[in-house]
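Read the structure below first, then the notes.
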Amino acid sequence: MTYMKIGFIGAGNMACAMLRGAVGSGAFAPETLLAYDVDAAKADALADQLHITAAKSAEELIDAADAIVLAVKPNTLASLLPAISPCLARKNPLLISIAAGKTLSYIGGLLSYDAAVIRVMPNINATVGEAMSAYCCNAQVTAAHKALAERLCGAFGKVMALPEADFPLFGVLSGCSPAFCYMFMDALARAGVKNGLSKADALRIAAQVLYGSAKQVLENDVHPWELVDRVCSPGGTTIEGVASLQADAFDAAIARAVDAALEKDKRI
């Protein structure tokens, strides 16, 4: 089956980012996209901005769509899915959930039938079309379903398939680490201010350097330490700074931050 229409239940920040990516990238025509939110003004605003369709109810959206993105808060699923399950069972659409922490088995357990479910974990960078997303699937998901999920996620960043068991760690590496990157960026900019630059200029430099450095790794398939070696001249300024970071346990601090976030995730 060719999936012609995708409906979003929920029109919050992540749904907005995904829909803007879907339309802005040209991957999906606006007339193939629908949105519904209990706050009708949110769906109406998206419809006006992106020329998509605003549904008046979840049931109306389900009847019109071939795939449904569950873009609601995780604690909403427990009441939402049983309520719309009869309508979903009649149409049997692909379900794509972006609810953080809610497993495939949890979602399936709230439904009255064996639905095809894909769980997707995007990150905050979807808002600028540069998310790193992962997805996993239940047994009902077909190759065509996977292709649709990859096409959708590819419209607002990069995507990879992962076993669901790896999702907690992915959530830390992709979901938490933007905060770590922002902290490093700000620290670098403040060091620039300390040495005489304006904060605006220092922050612009730091942000562009991080952006370009990431592109070097992604586009050239080069190991980061090889790039470090390329930048470091013998007896130069860069190796002096690298040695200082190593003396201050830079690598160990990052590893401890990842471990701490992962341990917290296990306790939630």
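The values are calculated or read from the model by the stated rules, or taken from the named source; none is laboratory data. Worth saying up front: this structure is predicted, and the values here are computed from it rather than measured. No Cβ is skipped: glycine too gets one built from the backbone with ideal geometry, and neighbour counts run over all protein chains shown.
Okay, here's what the table says:
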| read-out | value |
| --- | --- |
| Subset of the range 38-59 (residues that are in a helix (DSSP H, G or I) and either acidic (Asp, Glu) or surrounded by fewer than 16 Cβ atoms within 10 Å (Cβ to Cβ) (or both)) | Ala40, Ala41, Asp44, Asp48, Gln49, Glu59 |
| Candidates Ala83, Ala100, Ala147, filtered to the one that is closer than 29 Å to Met4 by Cβ, surrounded by fewer than 17 Cβ atoms within 10 Å (Cβ to Cβ) and modelled with pLDDT under 95 | Ala100 |
| Strands (runs of 3 or more DSSP E) completely within the range 105-192 that count 3 or more residues being closer than 16 Å to Ala22 by Cα and within 11 Å of the chain's Cα centre (by Cα) | 131-137, 157-161 |
| One residue from Gln246, Gln216 being of a type in the set (S, T, N, Q), surrounded by 11 or more Cβ atoms within 10 Å (Cβ to Cβ), part of a helix (DSSP H, G or I) and over 22 Å from the mean Cα position of the chain (by Cα) | Gln246 |
| Subset of the range 2-31 (residues that are more than 15 Å from Phe156 (Cβ to Cβ), out of contact with any helix residue (DSSP H, G or I) (no Cβ under 7 Å at 6 or more places or on another chain) and surrounded by fewer than 19 Cβ atoms within 10 Å (Cβ to Cβ)) | Thr2, Ala29, Glu31 |
| Any pair with Cβ under 9 angstrom, 6 or more apart, that starts in the range 108-132 at a residue that is at positive phi and ends at one that is of a type outside the set (Val, Ile, Thr) | Gly129/Ala17; Gly129/Arg20; Gly129/Gly21; Gly129/Gly24; Gly129/Ser25; Gly129/Ala155; Gly129/Phe156; Gly129/Gly157 |
| Residue check for Ala35: assigned by TED's automatic domain parsing to the domain that holds Ala65, in contact with a Ser or Thr (Cβ under 8 Å, 6 or more places away or on another chain) and touching a residue at least 60 places away in the same chain (Cβ under 8 Å) | no |
| Any hit, the range 196-209, residues being within 29 Å of Ser133 (Cβ to Cβ), in a helix (DSSP H, G or I), in contact (Cβ under 8 Å) with a residue 24 or more places away in the chain and outside the structural domain of Leu19 (by TED's automatic domain parsing) | no |
